[in-house]
1. I'm trying to understand the selection: among the residues of region 77-100, which are within 15 Å of the ligand (Cβ to nearest atom) and part of a loop (DSSP other than H, G, I, E, B)?
2. Looking at region 26-45, which of its residues are of a type in the set (Asp, Glu) and either away from the ligand (no atom under 16 Å from the Cβ) or under 16 Å from HIS66 (Cβ atoms) (or both)?
3. Tell me yes or no: at least one residue of region 15-23 is in contact with a Lys or Arg (Cβ under 9 Å, 6 or more places away or on another chain), among the acidic types (Asp, Glu) and either outside any loop (DSSP other than H, G, I, E, B) or more than 16 Å from the ligand (Cβ to nearest atom) (or both).
4. Residues in region 77-102 that are in contact (Cβ under 8 Å) with a residue 12 or more places away in the chain and within 18 Å of ILE10 (Cβ to Cβ): how many?
5. Restricting attention to region 48-69, which residues are touching a His at 6+ places or on another chain (Cβ under 8 Å) and away from the ligand (no atom under 14 Å from the Cβ)?
6. Looking only at region 11-20, count how many residues are under 13 Å from the mean Cα position of the chain (by Cα) and more than 12 Å from LEU60 (Cβ to Cβ).
7. Which one of these is of a type outside the set (Ser, Thr, Tyr), surrounded by 15 or more Cβ atoms within 10 Å (Cβ to Cβ) and not in a loop (DSSP other than H, G, I, E, B): ALA70, ALA39, ALA51?
8. On the basis of being touching a residue at least 12 places away in the same chain (Cβ under 8 Å) and out of contact with any strand residue (DSSP E or B) (no Cβ under 8 Å at 6 or more places or on another chain), does ALA63 make the cut?
Amino acid sequence: MVLLCHIDDIPEGAAKGFDPLQEGRDSLFVVRQGATLYAYRDLCPHYGETALPWRKDGYLDGAGQHIVCASHGARFEIDTGLCISGPCRGQTLTGITLEVTATGQVLAHL
Ligand code: FES
């Protein structure tokens, strides 16, 4: 497991990318909805080596309702990672299991 951050480092309704393996780019991201966190690899199933955002932490649409890929506009459900529109409709983001400790530390199972 790898320590990502404290849960309070991710604002409510927002997403944040992380580079836990020091690869020089964010390889995963976490979306916070209330007390619930969702984490996925930062790779679009349309082209497997393509990162989703066009800018740091830009994983969500303007309304914060869906995860979006900036390259060709795929939209994904936040809670499942399922692509609901765009060129990879029906495919899913790769989920990552998280653990939040009693003190609010967020750990990722890589
Ligand atoms: S690379 Fe994500 S929609 Fe094409």
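1. GLY81, GLY86, PRO87, CYS88, ARG89, GLY90, GLN91, LEU93, THR94 - these are the residues of region 77-100 that are within 15 Å of the ligand (Cβ to nearest atom) and part of a loop (DSSP other than H, G, I, E, B).
2. Residues of region 26-45 that are of a type in the set (Asp, Glu), as a first pass: 26, 42.
Hit for region 26-45 is ASP42, nothing else.
3. Looking only at region 15-23, we keep the residues that are in contact with a Lys or Arg (Cβ under 9 Å, 6 or more places away or on another chain), and these are 15-17, 19.
Retained after the next criterion (residues that are among the acidic types (Asp, Glu)): 19.
Now narrow it down to the ones that are either outside any loop (DSSP other than H, G, I, E, B) or more than 16 Å from the ligand (Cβ to nearest atom) (or both): 19.
Yes - at least one qualifying residue is present in region 15-23.
4. 10
5. Answer for region 48-69, where residues must be touching a His at 6+ places or on another chain (Cβ under 8 Å) and away from the ligand (no atom under 14 Å from the Cβ): just LEU60.
6. Within region 11-20, residues that are under 13 Å from the mean Cα position of the chain (by Cα) and more than 12 Å from LEU60 (Cβ to Cβ) number 2.
7. On the way: ALA70 fails: not in a loop (DSSP other than H, G, I, E, B); ALA51 fails: not in a loop (DSSP other than H, G, I, E, B).
Answer to the selection: ALA39.
8. For ALA63, the condition - touching a residue at least 12 places away in the same chain (Cβ under 8 Å) and out of contact with any strand residue (DSSP E or B) (no Cβ under 8 Å at 6 or more places or on another chain) - is not met.
Rule-based calculations on the coordinates, nothing more; no lab input. The model shown is predicted, which means the values in this text are computed figures rather than measured ones. Counting neighbours? That spans all protein chains shown, and the Cβs are built from the backbone with ideal geometry, glycine included.
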